[in-house]
């Protein structure tokens, strides 16, 4: 296999949308990659709270009666694919009785209803982001977008994913690479 056909597994990394990203749904997005292989990629946008849905509303729609205070808890826009499907990105202190995916040692993902029931009871993960929808790429699609300078890639950390404000995540992710948002241009180029 030559170097061109061998892909690098970016599972557990963050994608940082570059200015000039053609799709406005991804403008200034930071996407946590939950899976990446030769067959495609799946990720969750971690810095776009949904203006339409709160955690209280979501639990009410699912007929889950919260015993813990859910006020002020956001639901995020995870991406434009399957907007009715929910995902919880969370700290490793929680494991679903159904299925929890360990994306990396510090960040796990659960996409089953039991995690929401446990959160509503105050027994869910200590740190979490609730998402509706996800970002998906077919085979070779993400690699093409990376080659066209659509995204930068950086390491993910619980601080960046869970503890940085949504408004600050894009600039904080850039800063991990030593890049300032002020130096970025919407015009891509090659040296």
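The values are calculated or read from the model by the stated rules, or taken from the named source; none is laboratory data. Since we're looking at a predicted model, the values are computed, not measured. Using ideal geometry, Cβ is built from the backbone for each residue, glycine included, and neighbour counts are taken over all protein chains shown.
Observations on the structure shown:
- Residues that are in a loop (DSSP other than H, G, I, E, B) and touching a helix residue (DSSP H, G or I) at 6+ places or on another chain (Cβ under 7 Å) were ranked within segment 104-131; the one that is surrounded by the most Cβ atoms within 10 Å (Cβ to Cβ) is 124.
- Condition met for residue 72 (surrounded by fewer than 13 Cβ atoms within 10 Å (Cβ to Cβ), out of contact with any strand residue (DSSP E or B) (no Cβ under 6 Å at 6 or more places or on another chain) and within 20 Å of residue 134 (Cβ to Cβ)): no
Conditions (1) within 17 Å of residue 92 (Cα to Cα); (2) at pLDDT below 90, marked per residue:
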position: 107; (1), (2): yes, no
position: 138; (1), (2): no, no
position: 151; (1), (2): no, no
position: 172; (1), (2): no, no
position: 179; (1), (2): no, yes
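- The listed residues are 65, 95, 117, and the only one of them that is more than 14 Å from the chain's Cα centre (by Cα) and under 30 Å from residue 10 (Cβ atoms) turns out to be 95.
- Restricting attention to segment 33-63, the residues that are in a loop (DSSP other than H, G, I, E, B) and surrounded by fewer than 17 Cβ atoms within 10 Å (Cβ to Cβ) add up to 4.
- Hey, residue 135 buried (at least 20 other Cβ atoms within 10 Å of the Cβ), under 16 Å from the mean Cα position of the chain (by Cα) and assigned to a helix (DSSP H, G or I) or not: no
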